[in-house]
Amino acid sequence: GAVVSQHPSRVICKSGTSVKIECRSLDFQATTMFWYRQFPKQSLMLMATSNEGSKATYEQGVEKDKFLINHASLTLSTLTVTSAHPEDSSFYICSADPQGVGGYTFGSGTRLTVV
Amino acid sequence: ELKVEQNPLFLSMQEGKNYTIYCNYSTTSDRLYWYRQDPGKSLESLFVLLSNGAVKQEGRLMASLDTKARLSTLHITAAVHDLSATYFCAVTMRFGAGTRLTVKP
């Protein structure tokens, strides 16, 4: 089946630094990918929709200058958390729709801890 | 604004018992999703329900959709410990709060 590969699985960074998370579609092309954030014991919140070759669409309340999304190819989307702070510590998950018909596959997630 | 409400939020079940998780949503949608999440893991897709009256079953789990009532249910039959996890319903990209299911011997 279709696989969405997400790296790294865990990252610890110092406050003020930037962290890049990669999301790759391994056996299909993804013109659109979705980025979610999940705080402990909470639900998933859609942060942004990543569009290949164009600007990402951010959900209300998500700082686009802080969470930089790049979707430069049909198989790779990246999320960069800039100037990370402890409150950015969270579980970040990407997803894509391999067949374009509304069946979503999720990456394995990235646990970000900012110290 | 689309709202997705799930209940109960916590469910402690005895093995062998049956129970139902409910998912209500506020605006018209033609598809609804159920996912499972184990602690520290990402999401596993369980069901995609595409039309009114749709019913899907996999093992001890059965999901149904009533688009007129804007309600989906996830029914658990004869629960076993392996079903312990958090279950989410989702409409479009909006997720319910999740139901944390614990199955006890």
Name every cysteine in chain A that ends up alone, with no second cysteine's Cβ under 4.7 Å, or say none. A:C13
Within the set B:K41/B:K68; B:K3/B:K104; A:K20/B:K41; A:K55/B:K41; B:K3/B:K68, which residue pairs have Cα atoms separated by over 24 Å? B:K41/B:K68; B:K3/B:K104; A:K55/B:K41
Please label the shape of chain A as rounded, prolate or oblate, based on the square roots a ≥ b ≥ c of the eigenvalues of the alpha-carbon gyration tensor (a/c under 1.5 means rounded; beyond that, a/b larger than b/c means prolate, else oblate). prolate
On a C-alpha basis, how far is the centre of the range B:1-58 from the centre of the range A:1-60 in Å? Whole number, if you could? 23
For chain A: relative contact order, % (alpha-carbon pairs under 8 angstrom, 6 or more apart): 37
Relative contact order of the range B:38-105, pairs being alpha-carbon contacts under 8 Å that are 6 or more residues apart, as %: 22
Based on the Cα atoms of the protein assembly as shown, what semi-axes does the equivalent ellipsoid have, where each is the square root of 5 times one gyration tensor eigenvalue, given in whole Å with the largest first? 31, 20, 16
How far apart, in nanometres, would the label points at B:L9 and A:E87 be if each is projected 7 angstrom from Cα along the Cα-to-Cβ direction? 2.1
Please compute, for peptide B:43-51, the average count of beta-carbon atoms on other protein chains lying within 10 Å of each residue's beta-carbon. 3
Grab the beta carbon distance between A:R111 and B:L71, set R0 = 45 Å, and tell me the FRET efficiency rounded to 0.05. 0.85
Equivalent-ellipsoid semi-axes of chain B, from the Cα gyration tensor, Å, largest first: 22, 14, 12
Counting only protein heavy atoms and using a 1.4 Å probe, what share of the accessible area of chain A belongs to carbon plus sulfur, as a whole percent? 51
I need to check one value: relative contact order of the range B:1-92, counting alpha carbon pairs closer than 8 Å and at least 6 residues apart, in percent. 36
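The values are calculated or read from the model by the stated rules, or taken from the named source; none is laboratory data. Since we're looking at a predicted model, the values are computed, not measured. In this analysis, Cβ positions are derived from the backbone assuming ideal geometry, glycine residues included, and neighbour counts consider all displayed protein chains. Each accessible area value is taken on the protein alone, full model and side chains, heavy atoms only, with ligands, DNA and RNA left out. Shrake-Rupley method; radii C 1.70, N 1.55, O 1.52, S 1.80 Å.
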